[in-house]
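Heads up: the structure comes next, in structure tokens.
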Amino acid sequence: MAYGVICDTVLLSLGIPPRLSSASLHVSEVCTTGVSGLSHFTFRNVKKEYFFRLLIPGVLGGVLGAYLLADVLDGERIKPLVSCYLLIMGVVILYKAFRQPVHKVTDAHLFLSSLGVVEGFCDAIGGGGWGPIVTSTLVARGNNPRYVIGSVNATEFFVTTAQSITFFLTVSNIDWWIILGLVIGGVVAAPFAAYTVRKVATRPLMLLVGGLVVTLNLRALIPYLLRLF
């Protein structure tokens, strides 16, 4: 998780416009999420209830978000809101890991579908975040991190593919060198990540996920906070 958030943060810091950054990132993710999803299927980290309930809503939200970012909205204005939400979810995950026992819960079909639509949209607009938002939300509600991360990564391939097709039809200046670099790094790392998720216990994994989400989004929010003073 957080591949898109990390890469998008780096690309934006290099001065690449949000529209081009998001488009290049999602095209590269077709390869990286394909390898990641296949790895999670191989290690049996995917739970079909999560997978099917997130799939179609995520694709629909992603296509809508990609279209609006390319032709209507400024993704930079959406990023602080997404980062604030992620930061809160990261804190909730850490709280549950330290203070409360983790219980398995069954999320309603409507909740998962709504989460998929909203996050597919935010992922396309913000250049990343499908993994952190969906994963952190489901883990914070007490779901097993192994199956949440595996299922979310598996659905991300289809969401990203739909977004990439939309970007191809609406963005003309996609940088293939950026895509190549992101693909090489992501494809190499994905199988190791899937294997790690299978082996690491629930509580340490929650601490790792929560800490990563909090750290990344505190860093993302600092520039916006500085502008207020």
For this session: Please verify whether region 216-226 includes one or more residues that are outside any helix (DSSP H, G or I) and under 20 Å from LEU11 (Cα atoms).
Result: no
Exercise. Considering region 76-96 alone, what residues qualify as being at pLDDT below 70 and either surrounded by fewer than 23 Cβ atoms within 10 Å (Cβ to Cβ) or in contact with a Cys (Cβ under 8 Å, 6 or more places away or on another chain) (or both)?
Worked result: GLU76, ILE78, VAL82
Exercise. Within region 1-29, which residues are surrounded by fewer than 19 Cβ atoms within 10 Å (Cβ to Cβ) and under 13 Å from the mean Cα position of the chain (by Cα)?
Worked result: ILE6
Problem set entry | Subset of region 6-43 (residues that are at pLDDT 85 or above and either of a type in the set (Val, Ile, Thr) or assigned to a loop (DSSP other than H, G, I, E, B) (or both)) | VAL27, VAL30, THR33, VAL35, THR42, PHE43
For this session: Report, by residue number, each residue of region 186-215 that is of a type in the set (Gly, Ala, Ser) and outside any helix (DSSP H, G or I).
Result: ALA201
Exercise. Restricting the search to region 97-127, which residues are aliphatic (A, V, I, L, M) and at pLDDT below 80?
Worked result: ALA97, VAL102, VAL105, ALA108, ILE125
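For VAL183, are the conditions met, namely being more than 14 Å from GLY62 (Cα to Cα), modelled with pLDDT under 80, in a helix (DSSP H, G or I) and touching a helix residue (DSSP H, G or I) at 6+ places or on another chain (Cβ under 9 Å)? So that I can check it myself, show each step before the final result.
Numbers: more than 14 Å from GLY62 (Cα to Cα): yes; modelled with pLDDT under 80: no; in a helix (DSSP H, G or I): yes; touching a helix residue (DSSP H, G or I) at 6+ places or on another chain (Cβ under 9 Å): yes.
So VAL183 does not fit the description; no.
The values are calculated or read from the model by the stated rules, or taken from the named source; none is laboratory data. Nothing here was measured: the structure is a model prediction, and the numbers come from that model. For neighbour counting, all protein chains shown are included, and Cβ atoms are generated from backbone atoms with ideal geometry for every residue, glycine included.
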